[in-house]
Amino acid sequence: MTPSSIVILTGAGISAESGVDTFRDKDGIWSKIDYRDVATPEGFARDPAQVHDFYNQRRRGMTGVTPNPAHAALAELERRYDGDFLLVTQNIDDLHERAGSRKLIHMHGELARALCANCGNRQEWNGDLSVELACPSCNSPGFMRPDVVWFGEMPYHMERIYEALGNCDLFVAIGTSGTVYPAAGFNEEARMAGAHTVELNLEATEGSYRFAETQHGKASEIVPAFVE
Ligand code: BJW
């Protein structure tokens, strides 16, 4: 049966073969730095310079990084699919859009955007951020931060995501450990809506048993094969 509505959730694993670090794999980001220092509002309040440094380095690290066949396959699926399609990524890199995806939500924000914690202004930001910067909108210094969603903060576009999950008949989670909520609960939302649920990952995750179907392997191989 051809599905009439597809929701795809991607995580760090889809960008791993492009050279972007994952978080919880053996040499992942959280093995090198404490998430409480760089991915919480409290960490930012304590030491904004350390947080800026962390994200400035990751922004610079995107130079020369390109989408891989898994990103390309999802963009191609979106182009040729007639039904409702939504790609929800937890990733803050821009590899999906660079591969051609357009029906895309960055639920955890974007590395190439800045948010003013004073006035709420959000805008493109491709250079470094620093404590000294003043917001271009409200002119207040010291409030500029990466436009990313930290622990304890509300991810973006949740209403639209839950609506799509409630209506989908195919849900595919790709390259995510399924440990961070609310994304970790999307499979259950889709399942309750009657969707067929699929996990594509390098290896089994703690939540694999909750999916109707699982396939293991490198995203660059199993994603193109799955969307064929
Ligand atoms: C490959 C591969 C290859 C490798 N091919 N695969 C207790 C219970 C429930 C919830 C909570 C709780 N205590 C606290 C919470 C809430 C908290 C949470 O979930 N904590 C858990 C850790 C317990 N969540 C939040 O605070 C969120 N907000 C929130 O809940 O608001 C309230 C709310 C409630 C209800 C509805 C709506 C809102 C916010 C979470 C923000 C997460 N932020 C980060 C940082 C963002 C910026 C940045 O990038 O720096 O987001 S943390 C980090 O984890 C990042 C990621 O997007 C996220 C998910 O990680 P991901 O993508 O799954 O990566 P990994 O590394 O974990 O997994 C990689 C996978 O790829 C592995 O499985 C590999 O096998 C695989 N892989 N190579 C295919 N080649």
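All of the numbers you see were taken from the coordinates with simple rules; none came from a lab. Note that the coordinates shown come from a computational prediction; the quantities given were computed from them, not determined experimentally. All Cβ positions, even for glycine, are placed from backbone atoms using ideal geometry, and neighbour counts span all protein chains on display.
Numbers below:
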| read-out | value |
| --- | --- |
| Residues with amide H under 5 Å from that of Ser140, placed H, sequence gap 5 or more | Cys135 |
| Alpha carbon convex hull of the range 105-188, projected area averaged over orientations, nm² | 6.7 |
| Normalised convex hull volume, the chain, alpha-carbon set, Å³ per residue | 119 |
| FRET efficiency estimate (nearest 0.05) - Cβ-Cβ, Glu159 to Cys138, R0 25 angstrom | 0.40 |
| Sum of -39500 (n - 2.57) over DSSP H runs of 4+, divided by residues of the chain (222 nm, nearest 500) | -8000 deg cm²/dmol |
| DSSP-loop trypsin sites (Lys or Arg not before Pro) across the range 1-76, with at most 10 other Cβ within 10 angstrom | Lys26, Lys32 |
| FRET E, pair Cys119, Arg79, Förster distance 35 Å, beta-carbon r, rounded to 0.05 | 0.40 |
| Phi-based couplings in Hz for the range 17-29 (Karplus 6.51, -1.76, 1.60; Gly and Pro marked x) | 6, 7, x, 8, 5, 8, 9, 10, 6, 3, 9, x, 4 |
| All-pairs alpha carbon distance profile, the range 1-117, 10 Å steps from 0, percent | 12, 40, 30, 14, 3, 0 |
| GNM result for the chain, Cα springs below 10 Å: residue of Val148, Val38, Val180 fluctuating most strongly | Val180 |
| Length-normalised contact order for the chain - Cα pairs under 8 Å, 6+ apart - percent | 24 |
| Qualifying GluC sites (Glu not before Pro) for the range 128-172 [loop in DSSP, other Cβ within 10 Å: at most 12] | Glu132 |
